[in-house]
Each structure stands twice: as structure tokens, then as C-alpha cells.
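Reviewing the structure listed below.
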Amino acid sequence: MTDAHTDELANELANESALESVTVIGLGLMGRALASALLAAGHPTTVWNRTAAKADDLVARGATLAPTVGDAVRDGSLIIVCLADADAVREAVGPHRAGLAGRTLVNLTSGTAEEAREIAGWTADRLDGAIMATPEVIGRPEAFLLYSGSPDAFEKHRETLGRLGSATFFGADPGLASLYDVALLGIMWGTLNAFLHGSALLGAAGVKASDFAPFAVQWVSSVSGFATAYAAQIDRGGYPAEDASLDTHIATMKYLVRESAAAGIDTDWPARIQALAERAVQAGHAGASYASLIEVFRGRA
Ligand code: FVH
């Protein structure tokens, strides 16, 4: 080995030992992916899970299995919690909250904004996070994770958090990341429901979902462009029909309802779409853009 190679190796080892120690509490599908990404980046990683056997692969790769949550907390300067729900966090981590002092708690468990604030209240150095990714993309840039809570904690651990995926910080309210989470999940479920409904409709005519999918994907991409223009209208509080009026949308919505009924598939979803638009029309937005439905969602129409 040359001197240059020896130096390179020594530098790598020095960097590795400088990496902060991280604890991951919860080794479900997501927790294992988080711990795996941290291990791959060279972080000293301690793990805890109620069912200890789920740690086996991680331990084989160098993770330390803590026998109790208290031990796990003591081992890390950054404590990542990824459990099923807030009740699990209260039950497993709640009794050890005193041990969190001087460490940073990052709660990546899904929940409401209020639950995020409650758990964040256990310690001063705290972040709540939302994972907008599936386990297999954790550690890659396409995984995006949203955080809110202590700005100092985010700055201090930005690099480590970046090893899980791209990290965005929304400010001091620990509940805000959770709110973004559910709002974004709503987009996912709404979009998937529309795709599944469309697949059922075309399926009744003998079209395979895999033949429909490329068109659905192309259309979702076009529709996503509307969001930017409508966001500007929503923020201005005016909804000029620059593309199409709500009346024009409604005139076409009835075909989705009729075709669904004719195909013998569920009509609930298209009827709901139609009913929302009709409420906006009743509130005086017939000539406005589709963005005027924001008034319905705000409960004002
Ligand atoms: N998986 C995903 O794609 C999504 C992506 C978006 C974010 N979610 C959220 O991440 C949290 C964990 O999800 P998960 O996929 O890891 O879930 P599971 O594989 O079901 O693992 C659940 C873990 O929670 C442990 N657990 C449950 N109850 C308790 C309890 N009372 N005390 C201690 N631990 C508990 C469970 O332990 P065990 O069953 O293995 O013993 C697992 O470690 C979740 O908030 C998603 O919404 C993931």
C-alpha cells in the first residue's frame, strides 16, 4: 500500500470515528431502513425494538442492540424514534424521557400535530419528522423527510439527518411537519383513489390497468402543474378562470358519474367530486376557476 493510500484510509477512519452516535428505537420496516442507512454511512448505531429478533441483521452489520429503551437512549446523542403510533411512543419511550436531556429526540412516528407537540415537549432538543418515502428508498436523495421543532437541533444534526434522505426544515412548531405529512398523504390517497377508480372504469371495458397506467402517469404530471398556478390564486384570494370555469368542469363531471353507473362500478367517488364542485357553484363560484373549491374545503361554502 502506498503512503497516499495509507493517509486516505487513516482519514476515512478518522471521519468515521467523528460521526455522531445514533440510536434508533423501533425496528419495523421503516426503523430497520433508517438504522441500515445510518450504519451504511458509518455512524455508531444503537438499536432497540420490542421484538429483539428484528435487530439480528443490523447487529450482524455492526449495530449494538440495547437491552432496554433506557440503555438505548443513553447510547446515542441523536435518538430517532420510529414506532407504530404515538401510543407506542408514549408507552415505550415516555418512561425514559428524563434520559433524553442533553440529547436530541427526533420522532419520526406518524401522528397528529398535537401528538407531535406533546412528544416534543419531553425535551428541549427535539424535532418531529415526517417520512415521505418507503423503506427501500431511505438513504437515497429521492427519499424526502420533513422536520420541524428546534432550529438548533436541526442545524446540529442536519448532516446526519441528510443520510436518511433529503431533509427540509419547517420551523419551530414541532407539529408542522406532521401537518405537512397528512396533507401530502391526502394527495397520495386522493390520487391513488382516482387511479384505481379509473382502472375499474376502464377495466369494465376490458382495458388492463397496466395499459391505463402510462396515461394516468402522464396526466398526473400535467395536473400537478395546475397546483402551482392555483396556489398563487389561493394565496391572492381570487380565482379567475384562466383555464376553465367551474361550470365547465361540472358539465363534464356528470359523465364520470354516468359512466361509472353504466359500468356497474362504484359511483360514490365521482358523485363526491361532483357534490364538492356543486357546493362551490352554490356559493357563487360558477364562473371561477377550480381553485375556488378551496372555499368548500375551508368550510366557507
Ligand atoms: N413503512 C412505510 O412505508 C411508512 C412510510 C411513512 C412513515 N411511516 C411511519 O413510520 C412508522 C413505523 O412504520 P413501520 O412501517 O416501520 O411500521 P411496522 O413495520 O408496523 O413497525 C411498527 C414498530 O412499532 C413497534 N411497536 C408497536 N407498538 C409498540 C409498543 N406498544 N411498544 C413498543 N414498540 C411498539 C413495533 O415493534 P414490534 O412489533 O416489532 O415488537 C415495530 O418496531 C409509523 O408511524 C408509520 O406510519 C412508515
* Structure fact -> Only one of A88, A84, A98 is among the small types (G, A, S), open to solvent by 10 Å² or more (accessible area, probe 1.4 Å), assigned to a helix (DSSP H, G or I) and near the ligand (Cβ under 9 Å from one of its atoms), namely A88
* Structure fact -> When (1) away from the ligand (no atom under 11 Å from the Cβ); (2) open to solvent by 20 Å² or more (accessible area, probe 1.4 Å); (3) closer than 19 Å to P135 by Cα; (4) touching a helix residue (DSSP H, G or I) at 6+ places or on another chain (Cβ under 7 Å) are applied to L58, the one that fails is (2)
* To do: Please note which helices (runs of 4 or more DSSP H) are completely contained in the stretch 201-301 and include at least 3 residues that are touching a strand residue (DSSP E or B) at 6+ places or on another chain (Cβ under 6 Å), surrounded by fewer than 18 Cβ atoms within 10 Å (Cβ to Cβ) and of a type in the set (D, E, K, R).
  => none
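Each row is one residue, and each column tells you yes or no for (1) free of Cβ contacts under 8 Å to residues at least 40 places away in the same chain; (2) farther than 17 Å from T112 by Cα; (3) in contact with a Ser or Thr (Cβ under 6 Å, 6 or more places away or on another chain).
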| position | (1), (2), (3) |
| --- | --- |
| A153 | no, yes, yes |
| F170 | yes, no, yes |
| P174 | no, no, yes |
| L179 | no, no, no |
| F195 | yes, yes, no |
* Structure fact -> Matching residues in the stretch 118-135 (within 16 Å of the ligand (Cβ to nearest atom), among the charged types (D, E, K, R) and either open to solvent by 10 Å² or more (accessible area, probe 1.4 Å) or free of Cβ contacts under 8 Å to residues at least 40 places away in the same chain (or both)) number 1
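The values are calculated or read from the model by the stated rules, or taken from the named source; none is laboratory data. Just so we're clear, the structure is a prediction, and the values are computed from it rather than from any experiment. Cβ atoms come from the backbone with ideal geometry, glycine included; neighbour counts cover every protein chain shown. With ligands, DNA and RNA removed, areas are computed over all heavy atoms of the protein, side chains included. Shrake-Rupley method; radii C 1.70, N 1.55, O 1.52, S 1.80 Å.
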